[in-house]
């Protein structure tokens, strides 16, 4: 075949398949419109490798220019978004919307709280003003009533009416909360009680109302003291000196003895009262319950002597810790004391002066003091005896015989 030379113009597919090297420089993938300026390829009859002549222009500059234009067009003329980009935009819009809603809710809540605080402040001020006006009206009415009573007594020749101002003020102060006169009158009428007694002031009327509405607890011994739970019955060894502390102590003691008496009564109810022994035990329980009522009244009034409070606390603490022998020792010290001659023997020869002096010191017992004290102290001893059966000690040495 005759050898001939011809110029083959490469297409884009030729570049994609066969990258052309010109003087060891890789041109990469060259666009189709630059094919005419880049290559002139001569082929021989034996189809040997084409010889490549370099073009007459700066190909690298053209390529860089084209690549820069393609990047700009791809960044500026982007006509589609990825799914991740759409999801990110949606999340940003949702978060911004939620922040706006939260800010709006907080603003509304703050405005509502401010309105409620303003209303509460106005209500408190209004109630305080109403209370002061009612107090002033009550005082004027009492002064008017006293003046009328004074005129009446003077006209009839009766002695002057003595005002118990100190007692009245003390009565008002001792109450938990004062009640307006109109409300107090309405409450007394609801109970079917007289609205006012002769010579009765507001404080005395308030005390009478509180006495009528006193709530008694349910138990073996009803009491006005608010009983505490079993976990709060643990007493301290030291007697509190303040009023609130002593009140809490009396509530603890009343709660503990109520628990013991309840268990005592339940145990006796379960026993069959057919034999004489069971009847005697049941009667002892009833007697114990009745004899401890004066002690509960002292708890309510808070006038129990310190000389009795301290030993009772010692006994109760030992009972709560199941140390029954120690509790019995405390009962013996409380009942008969530690004096050498506690029963009143004074004329025993050479011991006369010593016995007489010891009978008048602070170590005397309380059993012989009065009958009421003796009875509730013996009732405490019966509670001690029952407690060691109901709650046995872990240490057998603390079990009484």
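Things to note:
- Euclidean distance of C-alpha centroids, region 133-157 and region 272-289, integer Å: 60 Å
- Remark: the residue 269-residue 85 segment gains 58.0 nm on full extension, using 0.36 nm per residue and subtracting the alpha carbon distance.
- 244, 305 arranged by Cβ crowding within 10 Å, fewest neighbours leading: 244, 305
- Stretching residue 62 away from residue 151 to a fully extended chain increases their span by 19.3 nm, per 0.36 nm per residue minus the current alpha-carbon distance.
- Sorting 379, 307 by the number of Cβ atoms found within 10 Å of their own Cβ, with the fewest placed first, yields 307, 379.
- Förster radius 41 Å - calculated FRET efficiency between residue 232 and residue 196 (Cβ-Cβ, nearest 0.05): 0.50
- Gain on full stretching of the segment that runs from residue 224 to residue 118 - 0.36 nm per residue minus C-alpha separation: 34.2 nm
- Sorting 397, 266, 323 by the number of Cβ atoms found within 10 Å of their own Cβ, with the fewest placed first, yields 397, 266, 323.
Where a number appears in this text, it was derived from the coordinates with a stated rule and is not lab data. Quick caveat: nothing in here was measured; it's all calculated off a predicted structure. Here Cβ is always computed from backbone atoms with ideal geometry, including for glycine, and neighbour counts include all displayed protein chains.
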